[in-house]
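Structure, as structure tokens:
The values are calculated or read from the model by the stated rules, or taken from the named source; none is laboratory data. This is a predicted model, so every value here is computed, not measured. Note that we place each Cβ from the backbone using ideal geometry, even for glycine, and neighbour counts take in every protein chain shown. Just so you know, the surface numbers come from the protein's heavy atoms only, side chains and all, with ligands and any DNA or RNA stripped out. Shrake-Rupley method; radii C 1.70, N 1.55, O 1.52, S 1.80 Å.
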Amino acid sequence: MSTGVLLSVPATSAAIDFADPRDAQATRLRHRFGPPQRVLVAHDLHEVAPVLLAVQAAAQLGDWCVGYVRYEAAAAFDAAMQTHPATGPLAWFAVYPHALPWPHGTVPLAVESAQVDWHTTPTRAGFDAALERIGQAIARGDLYQVNHTAPVCGSLRGSPAALFAALQRAQPGGYALHLDAGAEQVLSVSPELFFDWQGDSLLTRPMKGTAPRGATPEQDAAHAAALRASPKERAENVMIVDLLRNDVSRIAQPHSVAVPTLFQVQALPAVWQMTSDVCARTRPGTTLADVFGALFPCGSVTGAPKVQAMRTIRALEPQARGVYCGAVGVVRPDGPAGQGGFRATFNVPIRTVVLRGQLASCGIGSGITADAQPGAEWNEWRHKRAFLERASMPVDLLETLALEDGHCRHQADHLGRMATAAAHFGHPWPEAQAQAALQALARQHPRGLWRVRCLLNAAGEFRAEAFAMQPTPASTDAPVRLQLASEPMPEAHGEFTRHKTTRRAHYDRFQPTDPTVFDTVLWNEAGELTECTRGNVAVRLDGVWVTPPLACGLLPGVGRAVALREGRLSEAVVHTDDLPRVQAWAFLNSLRGWLPATLA
């Protein structure tokens, strides 16, 4: 076995922030760690099991062990499980004599900043080709399901610690771990438990089945209910539950394997996920190496049957997965000191960024079954990548409102919308500070018309500025000109559309280049009108003014909300096919009000 002592490590080489998988109300396991006493490393397949045994022994003696097992270590447990050659250690664990307190606060706000420029992403053509090959393999009867993945690659500008903090804010909860292993750093914010082993009690919680979050509470609840009831998603989940039951039975006491929880729907920021529990009592004498030998890799990231699914993965995916889809976790002392008790908790490292220097990679994947539809699966990948987009660069929440003769128009609506966005993104909401800042601006500008720009950063710092503003000349005789977008906006249902932030690239690409055009009317991939880039849109159909409902994918504009409250507007889905029937157009937002419009 190759082991060694790290001679140079950062001041904080690891941090863990794990949920208690057995008690959702329990205090989270939060610790940081200084330089390790030693490091246990496996470079070859025959070294993996001895390293795991050494990890167990260290925890039994009172040490904390934090580390990972690479996906490519699978053949150490079963030579039939094929992978690409590993690009790093097969197993790596740092051993610490004790754990240090977690930094103050739930998610530390790093002083340094971090931004990732993701420059290599999967292509739709490659994705569709892979799904076609998987479909053919399933049709031949080779297997039932394959978990297909691809990496997203980019470059980090800034601090890994700051990126980890941003990832935690983007994907809170779950099983988060930051590990500096020298040549690479693992920043995992995985929501999926691989296993928790305490005494003879073993719990696994595979995650299979995904649905997007809704734009409204009603739509959100409907998406969750649809996921829970979906025959496809339930079948996908059951396939993996059956696989895990078989895996767990290899180390379980007779008749102890159970599935106490099936088809639980868990809310994550960008998606709903379906989980099920598989548990058992392990046989006397079972070791950590035995548990890995029975379960690794987790069936949720391979498919079923596991061996054939892994052969298919090796043929389809041109590169090693690495830490992604392996296991990342902590093995720690448990029970009275000196009695040799230990507890092992590992996540399945999805939603995990691996850094090598400034180069970043993150795998994205989904389970493909016989009835998988390429469009729906591609959208699932997009939804799963949302946490990366949120964490990849600093984002402030944004509100723009009119200050007219010392009065902030619709102030309560704007602050209420910002508070909702703050809750969604995990930003502290300083209600009193925001009210005081707007009151100060109103006192400073008692006359005239001003545009007020309000920003709230991730630390909960609110600031507001006022800029002179000229009224927009628009009337029935001189309406503003709108143009129809030439293609659908794929981000229509994303969180950066539902909430107003400084991240506006998805809007900016549709802004008019013709100076005579005021704004662009957007539409989604279903052909439904949504909004404009700087406000909402209203049309008169059959003598009634209507505006698209939020479920179509649009910002809940304050001007729109006011018009709905006053009865000036009602909601209705408007398709691009309905445009010849439109009798009149209007652009509206809180800043400019209601502007008569025409469509160019």
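Considering only the range 509-540, state which residues are of a type in the set (Lys, Arg) and outside any strand (DSSP E or B). Within the range 509-540, 509, 534 meet the criteria.
The numbered conditions (1) over 25 Å from residue 380 (Cβ atoms); (2) open to solvent by less than 60 Å² (accessible area, probe 1.4 Å) are all true for residue 470 except (2). The set of residues in the range 59-75 being open to solvent by less than 10 Å² (accessible area, probe 1.4 Å) and part of a loop (DSSP other than H, G, I, E, B) consists of 70 alone. The single condition from (1) open to solvent by less than 30 Å² (accessible area, probe 1.4 Å); (2) more than 32 Å from the chain's Cα centre (by Cα); (3) at pLDDT below 95; (4) not β-branched (Val, Ile, Thr) that residue 553 fails is (2).
Output yes when any residue across the range 522-532 is surrounded by 15 or more Cβ atoms within 10 Å (Cβ to Cβ) and either without any contact (Cβ under 8 Å) to a residue 24 or more places away in the chain or over 32 Å from the mean Cα position of the chain (by Cα) (or both), and no when none is. The answer is no, given that none of the residues of the range 522-532 is surrounded by 15 or more Cβ atoms within 10 Å (Cβ to Cβ) and either without any contact (Cβ under 8 Å) to a residue 24 or more places away in the chain or over 32 Å from the mean Cα position of the chain (by Cα) (or both).
Filtering the range 141-169 to residues that are part of a loop (DSSP other than H, G, I, E, B) and either in contact with a strand residue (DSSP E or B) (Cβ under 6 Å, 6 or more places away or on another chain) or open to solvent by less than 10 Å² (accessible area, probe 1.4 Å) (or both) leaves 143, 144, 159.
Counting residues in the range 523-536 that are of a type in the set (A, V, I, L, M, F, W, C) and modelled with pLDDT under 95 gives one or more.
Cβ separations smaller than 9 Å between residues 6+ apart or across chains give the following pairs from the range 18-33 residues that are under 14 Å from residue 205 (Cα atoms) to residues that are open to solvent by 70 Å² or more (accessible area, probe 1.4 Å) and modelled with pLDDT under 95: 20/27. If you go through the range 479-496 and keep only what is open to solvent by less than 50 Å² (accessible area, probe 1.4 Å) and either free of Cβ contacts under 8 Å to residues at least 60 places away in the same chain or in a loop (DSSP other than H, G, I, E, B) (or both), you end up with 479, 485, 488, 489, 490, 492, 494. Restricting the range 541-555 to residues that are aliphatic (A, V, I, L, M) and assigned to a strand (DSSP E or B) leaves a set whose member that is nearest to residue 417 (Cα to Cα) is 546. Which residues, counting only those in the range 198-242, are part of a helix (DSSP H, G or I), open to solvent by less than 40 Å² (accessible area, probe 1.4 Å) and in contact with a Phe, Trp or Tyr (Cβ under 6 Å, 6 or more places away or on another chain)? Matches in the range 198-242: 224, 227.
Test residue 539 against the stated conditions and say whether it is more than 36 Å from the chain's Cα centre (by Cα) and open to solvent by less than 40 Å² (accessible area, probe 1.4 Å). No: the conditions fail for residue 539.
Of the candidates 36, 122, 103, the single residue that is in contact (Cβ under 8 Å) with a residue 60 or more places away in the chain and either buried (at least 22 other Cβ atoms within 10 Å of the Cβ) or not in a loop (DSSP other than H, G, I, E, B) (or both) is 36. Would you confirm, using the coordinates I've provided, whether residue 254 is buried (at least 23 other Cβ atoms within 10 Å of the Cβ), part of a loop (DSSP other than H, G, I, E, B) and at negative phi? Against the criterion (buried (at least 23 other Cβ atoms within 10 Å of the Cβ), part of a loop (DSSP other than H, G, I, E, B) and at negative phi), residue 254 does not qualify. Being out of contact with any strand residue (DSSP E or B) (no Cβ under 6 Å at 6 or more places or on another chain) and at pLDDT 95 or above is a property that does not hold for residue 279. Scanning the range 556-597 for residues that are part of a helix (DSSP H, G or I), surrounded by fewer than 14 Cβ atoms within 10 Å (Cβ to Cβ) and out of contact with any Asp or Glu (no Cβ under 9 Å at 6 or more places or on another chain) gives 565, 577, 580. Taken over the range 170-193, the residue count meeting the criterion of being among the hydrophobic types (A, V, I, L, M, F, W, C), out of contact with any helix residue (DSSP H, G or I) (no Cβ under 7 Å at 6 or more places or on another chain) and part of a strand (DSSP E or B) is 4.
All conditions but one from (1) crowded, with 22+ Cβ neighbours inside 10 Å; (2) under 19 Å from residue 479 (Cα atoms) apply to residue 546; the one that does not is (1).
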